[in-house]
Amino acid sequence: MINASLKDLAAALGAKQISSVELTQLFLDRIHRLNPDINAYITLDADRSLAQAAAADVRIAQGNAGPLTGIPFAQKDIFCAKGWRTTCGSKMLENFVAPYDAHIISQFDAAGAVNLGKTNMDEFAMGSSNETSYYGKVQNPWDRARVPGGSSGGSAAAVAARLAPAATGTDTGGSIRQPASLCGLSGLKPTYGVCSRYGMIAFASSLDQAGPMAKSAEDLGLMMNVMAGFDQRDSTSLPREKEDYTRDLNLPLKGLRIGIPKEYFADGLDAGVAKVVLDAIEQYRKLGAETVEVSLPNTQLSIPVYYVLAPAEASSNLSRYDGVRYGHRAAEYTDLMDMYCKSRAEGFGAEVKRRIMVGTYVLSAGYYDAYYLKAQQIRRLIAQDFEQAFKQCDVIMGPAAPGTAFKTGEKTNDPVAMYLEDLYTIAVNLAGLPGMSVPAGFANGLPVGLQIIGNYFSEARMLNIGHQYQQVTDWHTRMPEGI
Amino acid sequence: MQWEVVIGLETHTQLQTNTKIFCGASTAFGAEPNTQADAVSIALPGVLPVLNREAVQCAIRFGLAIDAEIGRRSVFARKNYFYPDLPKGYQISQYELPVVGKGKLSIQVPATSAGQAYEKVINITRAHLEEDAGKSLHSDFHGMTGIDLNRAGTPLLEIVTEPDMRSAAEAVAYAKKLHELVQWIGICDGNMQEGSFRCDVNVSVRPKGSDKLGTRREIKNLNSFRFMQQAIEYETRWQIETLEDGGTIQQATVLFDPDTGETRSMRSKEEANDYRYFPDPDLLPLVISEADIDAVRSTMPELPEAMQARFEQQYGLPAYDATAITASRGVADYFVAAVTAFGGEAKLVANWVMGSVAAKLNEAGQEIAMSPVSAVQLAGLLKRITDNTISGKMAKEVFEAMWAGEGDADAIIAQRGLKQVSDSGAIEAIVDEVLAANATMVEEYKAGKEKAFNGLVGQCMKASKGKANPAQVNDILKKKLAG
Amino acid sequence: MSLTTDDVKRIAHLARIEVTEADAQATLEKLGGILDLIEQMQAVDTAGIEPMSHSQDVTQRLREDAVTETNQRELFQSIAPAVENGLYLVPKVIE
């Protein structure tokens, strides 16, 4: 059961082989046993989860079940869920019980899914290792002394350790794809605007996107069918026809043109990772695809551009955390100014404070043109790089991360070293394109993901590409030991 | 040294929409604190703004009314600063690309003892959409301030002039004209007590003849024209005295204290604020098409200037009358209703509206909407003058009674027996009596003293208790005296 | 780009985050690396390039002017640090 796909779980529930309550309890028991070490979950509420499961069982009995009804999912603690403590990995929201549901959460509710619990994450989604969380670091189930990646580290670890069948994540600079790669999962960041951001605690508004993390491309598709869609409460949500993201899973790949960016196989890429990725691409050739070398010349610049834009937007998005209406308020202060300054100093961790400072600085008087405006211009160049590349290929493939899971504490002293983790993923967010990572093998005994980047709104095709690979390989079925 | 004062105004008008600019919470005035502060208004984590169509319509209406450029593509920007009544820690406003560009407003500056009335054109630099902040209640909550966010998010149109005004009188004339215009076109209820219309005045002085601007100070939140006049006059004197004493003017934000009649610097705004403006990534560019503008144009009411010209032509009114009557939409509407019901000379109606009606309203400090005498009732009174039922003088007495709520003209005339005596036989009888009783006056008249005639007329009116038709008395008296 | 601890304190003040003298020094060191990173942008010629804020060429959708939100004061204020008579309380603001 713990390894079952979403389709198989739905079938089992439908055939009454197991009830939703039993299934949910199964995972809750595993969480009880394994989570104290792995620390994938910040908040659990068994009563609530089981109540949802019971309601799902009623619905199943009535014959009203959908593909996700009765199945428990782990929810990244960045999504406001009404009545659930929602911390965003921060002390600032330690006692914040969300009074409303994010659109994503409502969608899962409407589908009859069960909320298994809120997963750990880098604080306010700022990080690539889940080490900035106020609620402690997360262990990579593949090697407990290593990081799971971030910011959706808790979600990734939960699925990898089979503490949930699947989970939600968010991706602003790679926060779904990189942890998926480091934990041997499939993860998808959709085209910007496909999933609603209403209720998803904002980090960098023009880059944030919600997405599914699961054991297979097919599972990602089933989750996208629930997660995607227009929401009138989000001005950046795109009004589009509803899609079935699983519709193309079984299309043949013959004639698929895969672009391989030369900049993605340059300095900084671990040799073991490179080999796994290139082997995976070779597998695609066997499936009938052709490869072509492409160039994304502004790849290196994506990091400085991101570290101007994301902190700038974040510095403004995080101004609402002032201790006035909710969240952490300092216990002692002399006046209003002091209350603000202490509450925020106490509530935010070091990385968040650093990024707020960088963001404040680049937006401050005299610097806007040189930094923010310049970054937005280079952003366009980066998007144009992809536009050019997609004239020669249908999808782009490469690594999702420059290495495998690194040791806890290895990069925490050097922010810039940590930022370089995102080298292959950031440009995709800047351009607003969809990006996916699927397990492609192992290097040094640790998982390696293959990143697939598609053109705007090509998620169904990308899932097809992932699914076909998963029909002829079994990397995605591997499980860590000792769980 | 001759000094010149240079004044510019920034006016914040609350738009008359049902809901806030970026969310569906009500804007109704007077609700219990925070009962109209929804998730977006209180800036909960994860909420997002969506723009109110009606607010945009209001902005377009205003742009058309001042003959301004309407921005085909305008952008919302975040103005970042911390204040408890600003829940997000930034205000969504417009910075580089406002929805309304350059326009003009022509004002009439009233005559004073120092000079005649004159017309002046004030250039409006721009008008942009933004959201209002909440309210701070400083009355004691044991040393704390109470924050009410009902007002947070109310749509504002900020209207900015060029520094074109050169006296407090000009500034007040502009403010009054603008106040009337926004009500005329139905975008703002103009209720200054409720904060619907707030003016900030920028004042600087310079030696007469200089073309360089002096350092300006901003007088904030003036919500009465009287205070505006006083504040500007005080500030002007203060700045001149300071400079003449050898001091310099520091840029500052000041408040006017109506009790002392003085302006003083605001503590919290002494440091220059770095607002770190950048385009709001949660909102997309606002695009307004020709069709959108045409649609609004077709629903615009006739503007004051056009109506004034039409009254001159259609009703044959002199310019002075037409201007006075079109100074307010309420008065203009009243006038038209009265003329329509009256069916007679428009000039007579104009005289009464500008005269007795205006006098009564000014005395009570009321707007015409509160007039106890309706337009139709006034028309009824005027008909009794033109059909000779009562004299013009008697009509004034009847009008007083109507204003006091005693009923229609006919009812009062009947009740008080005020019907004019127009029967020549009856008047002849009265004249005979008077001539007989006032032999001395008759002799004086016949001796050449013209004034004696008036005295005899007066006696006739007195004898008839004011009811005799004065014109007929005149005629009959003349005839009888002639022989 | 050379920042000083005074700059750090000024930025921290703008961001309303208390920074002690010791913090300021440590922050300065960490920030230095990040700021050097973003300096890399200056090497690129972007003359005439339109800044990109959204990937799709979409424009703002408008909302109908109808009330959709009801009074949820009790729920929203149940999570507030300090409330009295329906008002959020903060240290007295002097103007």
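Translational D (Stokes-Einstein, µm²/s) of chain A at 10 °C and 1.306 mPa s when Rh comes from the Kirkwood sum over C-alpha pairs? Before the final figure, lay out the partial values.
Working: Rh = 22.1 Å.
So the translational diffusion coefficient is about 72 µm²/s.
Bin width 10 Å, alpha-carbon pairs only: give the P(r) of chain C as whole percents, running from 0 to the bin holding the largest distance.
10, 18, 19, 27, 22, 3
Convex hull volume of the Cα atoms in the range A:91-151, per residue, in Å³?
Numbers: hull volume 6.7 nm³, N = 61.
So the per-residue hull volume is 110 Å³.
Within straight cross-link reach of B:Lys479, meaning Cα distance under 27 Å, which lysines are found once same-chain residues fewer than 8 apart are removed?
B:Lys393, B:Lys419, B:Lys446, B:Lys449, B:Lys451, B:Lys462, B:Lys465, B:Lys467
What's the tally of Lys pairs in the range B:1-126 whose alpha-carbon atoms lie under 29 angstrom apart, where the two lysines are 8 or more places apart or on different chains?
Summing the qualifying lysine pairs gives 9.
Quick one, what does Rg over Rh come out to for the range B:274-356 if you take C-alpha atoms and the Kirkwood Rh? Don't skip to the end; give the middle numbers.
Working: Rg = 20.5 Å, Rh = 15.7 Å.
Reported Rg/Rh, Kirkwood definition of Rh: 1.31.
Considering every residue in B:337-347, what mean count of other chain Cβ atoms within 10 Å of its Cβ is obtained? Working shown, then result.
Numbers: counts 0, 0, 0, 0, 0, 0, 0, 0, 0, 0, 0.
Taking the mean over all residues of the peptide, I get 0.
Output wanted: per-residue J couplings in Hz (rounded whole) for the range B:165-172, from phi through Karplus 6.51 cos²θ - 1.76 cosθ + 1.60, θ = phi - 60°, x for Gly and Pro.
8, 10, 6, 4, 4, 5, 4, 5
Kindly provide the helix-only [θ] at 222 nm of chain B, computed as the sum of -39,500 (n - 2.57) over DSSP H runs of four or more divided by all residues, to the nearest 500 deg cm²/dmol? All intermediate terms of the calculation are to be shown ahead of the outcome.
Numbers: 16 runs with 185 residues, N = 483.
Calculated from helices alone, the mean residue ellipticity at 222 nm is -12000 deg cm²/dmol.
Quick one: which residues, 5 or more positions from A:Gly117 or on another chain, have an amide H under 5 Å from its amide H? H modelled 1.01 Å from N in the peptide plane, none for Pro or chain starts.
Here the answer is A:Gln75, since their amide H atoms fall under 5 Å of that of A:Gly117.
Just read off the accessible area of C:Thr70 with the full protein assembly in place, 1.4 Å probe, to the nearest 10 Å².
100 Å²
Show me the trypsin sites (Lys or Arg not before Pro) within the range B:203-243 that DSSP assigns to loop and that have at most 14 other Cβ atoms within 10 Å of their Cβ.
Working: sites: B:Lys208, B:Lys212, B:Arg216, B:Arg217, B:Lys220, B:Arg226, B:Arg237; in loops: B:Lys208, B:Lys212, B:Arg216.
For trypsin sites (Lys or Arg not before Pro) across the range B:203-243 that sit outside H, G, I, E and B with at most 14 neighbouring Cβ atoms in 10 Å, the list reads B:Lys208, B:Lys212.
Kindly write out, for the range C:39-51 in residue order, the coupling ³J(HN,Hα) from the Karplus curve 6.51 cos²θ - 1.76 cosθ + 1.60 (θ = phi - 60°), rounded to whole Hz, with x marking Gly and Pro.
So the Karplus estimates, Gly and Pro as x, are 4, 4, 5, 5, 6, 9, 8, 10, 4, x, 8, 6, x Hz.
How large is the accessible surface per residue of the protein assembly as shown, computed with a 1.4 Å probe and reported in Å² as a whole number? Mind showing how you got there, number by number?
Working: 40410 Å² over 1061 residues.
Using a 1.4 Å probe on heavy atoms only, each residue of the protein assembly as shown averages 38 Å².
Using a 1.4 Å probe on protein heavy atoms only, how many Å² of accessible area do C and A hide from each other, summed over both chains and rounded to 100? Could you put the intermediate results ahead of the total?
Details: alone 9600 and 17640 Å², together 22200 Å².
Using a 1.4 Å probe, the pair buries roughly 5100 Å².
Over all residues in A:298-306, what is the mean tally of Cβ atoms on other chains that come within 10 Å of each residue's Cβ?
Working: counts 1, 0, 1, 4, 0, 4, 11, 4, 2.
The mean count of partner-chain Cβ atoms within 10 Å per residue comes to 3.
Among rounded, prolate and oblate, which fits the range B:85-175 when a ≥ b ≥ c are the square roots of the eigenvalues of its C-alpha gyration tensor, a/c under 1.5 means rounded, and a/b larger than b/c means prolate?
Numbers: a/c = 4.16, a/b = 1.70, b/c = 2.45.
Oblate, since a/c reaches 1.5 and b/c is not below a/b.
What per residue convex hull volume, in Å³, do the alpha-carbon atoms of the range A:6-250 yield? Don't skip to the end; give the middle numbers.
Values: hull volume 27.9 nm³, N = 245.
Taking only Cα atoms, the range A:6-250 has a hull volume of 114 Å³ per residue.
5 Å is the cut-off here: which amide hydrogens, built 1.01 Å from N in the peptide plane, fall below it relative to B:Ile70, excluding neighbours closer than 5 in sequence?
B:Gly101
Scan the range B:249-336 for GluC sites (Glu not before Pro) in coil per DSSP, keeping those whose Cβ has at most 16 other Cβ atoms within 10 Å, and list them by number. Mind showing how you got there, number by number?
Values: sites: B:Glu262, B:Glu270, B:Glu271, B:Glu290, B:Glu302, B:Glu305, B:Glu312; in loops: B:Glu270, B:Glu271, B:Glu302.
Passing sites in the range B:249-336 are B:Glu270, B:Glu271, B:Glu302.
Under the rule of at least 5 residues apart or a separate chain, name every residue whose amide H is placed under 5 Å from the amide H of B:Ser26.
Amide H to amide H, under 5 Å and 5 or more residues apart or across chains, B:Ser26 pairs with C:Glu69.
Please work out the Kirkwood hydrodynamic radius for chain B, using every pair of different C-alpha atoms, and report it in angstroms with one decimal place. List each step's numbers first, then the result.
Values: mean 1/r = 0.0375 Å⁻¹.
Averaging 1/r across every pair of different Cα atoms and inverting gives 26.6 Å.
Could you order B:Asp85, A:Asp279 so the one with the most accessible surface comes first? Probe is 1.4 Å. Don't skip to the answer; put the middle values down first.
Numbers: B:Asp85 20, A:Asp279 80 Å².
Solvent-accessible surface, decreasing: A:Asp279, B:Asp85.
Straight-line reach only, C-alpha to C-alpha below 16 angstrom: list the lysines that A:Lys342 could link to, leaving out same-chain residues fewer than 8 apart.
Hits, sequence-local ones excluded: A:Lys91, A:Lys353, C:Lys9.
With the full set of protein chains in place, find how many percent of the accessible area of the range A:33-145 is carbon and sulfur; take the probe as 1.4 Å.
On the way: 1660 of 3420 Å².
With neighbouring chains kept in place, the figure for the range A:33-145 is 48 percent.
Mind checking the mean number of beta-carbon atoms from other chains within 10 Å of the Cβ atoms in A:368-374? Let's see the in-between values first.
Details: counts 3, 0, 5, 5, 5, 3, 7.
Mean shielding count: 4.
How compact is the range B:397-483 by the rule of thumb for globular proteins, expressed as Cα Rg over 2.2 N^0.38 Å? Show your work: numbers first, answer last.
On the way: Rg = 15.4 Å, N = 87, 2.2 N^0.38 = 12.0 Å.
The value comes to 1.28.
Please report, in Å, the Rg and the Dmax of the range A:201-242, where both are computed over Cα atoms only.
Both quantities, over Cα of the range A:201-242: 12.0, 32 Å.
Please report the carbon-and-sulfur percent of the accessible area for the range A:202-324; probe 1.4 Å, protein heavy atoms only, DNA, RNA and ligands left out.
Details: 2080 of 4100 Å².
The C+S portion of the solvent-accessible surface of the range A:202-324 is 51 percent.
Leaving out same-chain residues fewer than 8 places away, which aspartates and glutamates sit with a Cα under 18 Å from that of C:Lys92?
In chain and number order, the partners are A:Asp322, A:Glu332, A:Asp335, A:Asp338, B:Asp85, B:Asp140, B:Asp148, B:Glu270, C:Glu84.
Quick one: net charge of B:Ser391's neighbours, Cβ under 13 Å, K/R +1, D/E -1? Each step should come with its number before you reach the end.
Numbers: positive: B:Arg384, B:Lys393, B:Lys396, B:Lys419, B:Lys465, B:Lys467; negative: B:Asp387, B:Glu397.
Its environment carries a net charge of +4.
Could you give each residue of the range B:229-245 its phi-based ³J(HN,Hα) in whole Hz, using Karplus coefficients 6.51, -1.76, 1.60 with θ = phi - 60°, and x for Gly or Pro?
Once rounded to whole Hz, the list reads 4, 4, 4, 5, 4, 4, 4, 4, 4, 4, 5, 5, 4, 4, 5, 5, 7.
Are there GluC sites (Glu not before Pro) in the range A:331-393 that DSSP marks as loop and that have at most 16 other Cβ atoms within 10 Å, and which are they?
Working: sites: A:Glu332, A:Glu346, A:Glu351, A:Glu387; in loops: A:Glu332.
Sparse-neighbourhood loop GluC sites (Glu not before Pro): A:Glu332.
Can you compute the radius of gyration and Dmax for the protein assembly as shown, using only the Cα atoms, both in Å?
For the protein assembly as shown, the Cα-based Rg and Dmax read 37.7, 137 Å.
The values are calculated or read from the model by the stated rules, or taken from the named source; none is laboratory data. Being a predicted model, the structure only gives us computed values, none of them experimental. Using ideal geometry, Cβ is built from the backbone for each residue, glycine included, and neighbour counts are taken over all protein chains shown. Side chains are part of the model used for accessible areas, which takes the heavy atoms of the whole protein and leaves out ligands, DNA and RNA. Shrake-Rupley method; radii C 1.70, N 1.55, O 1.52, S 1.80 Å.
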